[in-house]
Structure formats: structure tokens, C-alpha cells
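Since the structure comes first, as C-alpha cells, the remarks are kept for the end.
Nothing in this text is a laboratory measurement; each read-out follows from the coordinates by a stated rule. Everything quoted here is computed from the prediction, not taken from an experiment. No Cβ is skipped: glycine too gets one built from the backbone with ideal geometry, and neighbour counts run over all protein chains shown.
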Amino acid sequence: MNNGSKGYKSALGIAVVLMLATFLVTGCQEPSSATGVVSEITMSTGVDSNNRPVNTTTVFPADAEGFYCSFKLSGFPVGAQVEAQWIYVGGDPQAEAVTGKNYVAETQKATVTKKGQGYTYTAYAQPGIPDYTWPKGDYKVVINVDGLEKASTTFKVQ
């Protein structure tokens, strides 16, 4: 037997074992909030039966009944905590006198219940006050998962 051939076979065997071990460690990991993705974040006036946006827009009238923010979750583990923050950034001096700028007007929370990917949404409805109008100006929706900011979008009320 050739000793050079034996050394080559041993080295090849070790390389194959290392590649397989690397695949087993990285290829079979459970999803994590750090690697999960929030994408296709879209503002609209409603959502369809698949939680996809209907009538997309980034400008709403002050008398809008509410706002919808649809987005796609991918690769988050079951049990991950999703949080949507609706923020009034500013633009109306009267509203800013009460709330200040970057006021978190609404926070909503939910839990991921299925593995894989799918669409979901958050909605911010007009309060039940007669003749209510939203403060004019800039708004922002921030999507956090397990405390990590994953996506955001902006819109205006005019």
C-alpha cells in the first residue's frame, strides 16, 4: 500500500466529516428571531382574506376610519413575540403640544403560532369619538420581534 494514498484518504475522510458536521449544525438549526425576516411591509385601507394589503397608500385623509399595515413574516420560531408600534412622528403643532414628537400612540402584540412564512397585519382604528379626525402629519409603524426592530414604514395624514 502506498503511504501517500493512505494519507490522502484520511484527509478526504476528515474533510467529509467536517462538511457533514457543518451542515448538521447550520442546516438544521431552528428558526430564530435574530435571523427571521419581516418583509413586504405595506400601508393600506384594508386587507384581503390572506392578510394582503388592499388599496395600498401612504397618504390618508384625516377622517380615515383607520390604517392597516400588512407584512410578511419569514423564519421566526413558534412563540416569537411580534409587536407593532404606531407612532405619531409629528406635524400638527396642536397635537405636538399634547403628545410631543415621536409619540407611541398604540402598541399591539401577538405571538407567532405557525412555522414557516405568511402574511399578517396590524390595524389602528379610529377611536369611537364622534367627528374625530386624526392629527395631521407624519406617522410610522415599527415591527419588533422578540425585542428586535425588524421593519418599519411611514405614512402621512393630510
Check: If R0 is 22 Å, what FRET efficiency do you get for residue 102 and residue 81 from their C-beta distance, rounded to 0.05?
Finding: 0.45
Checklist line | Per-residue Cβ neighbour rank within 10 angstrom, fewest leading, 155, 60 | finding: 155, 60
Check: Taking a spot 7 Å from the Cα of residue 62 along the direction of its beta carbon, which residues of the range 142-158 have an amide N less than 12 Å from it?
Finding: 157-158
Notebook entry, point to check: Once amide H atoms are placed 1.01 Å from N in the peptide plane, what residues at a sequence separation of 5 or more from residue 47, or on another chain, have their amide H within under 5 Å of its amide H?
Noted result: 54
Note to self: Using the alpha carbons of the range 37-157, what is the convex hull volume per residue in cubic angstrom, as a whole number?
What the structure shows: 101
Checklist line | Simple Cβ-charge dipole of the range 37-157, Lys/Arg +1 and Asp/Glu -1, about Cα centre, in debye nearest 20 | finding: 440
Margin query: Please compute the length gained on full extension between residue 32 and residue 45, using 0.36 nm multiplied by the number of residues separating them and subtracting their Cα-Cα distance.
Written below: 1.5 nm
Checklist line | Gain in span if fully extended, residue 131 to residue 153, counting 0.36 nm per residue against the direct Cα distance | finding: 5.2 nm
Next item on the list: Please identify which residues in the range 66-93 have an amide N closer than 14 Å to a label point set 7 Å out from the Cα of residue 109, following the Cα→Cβ vector.
Entry: 79-85
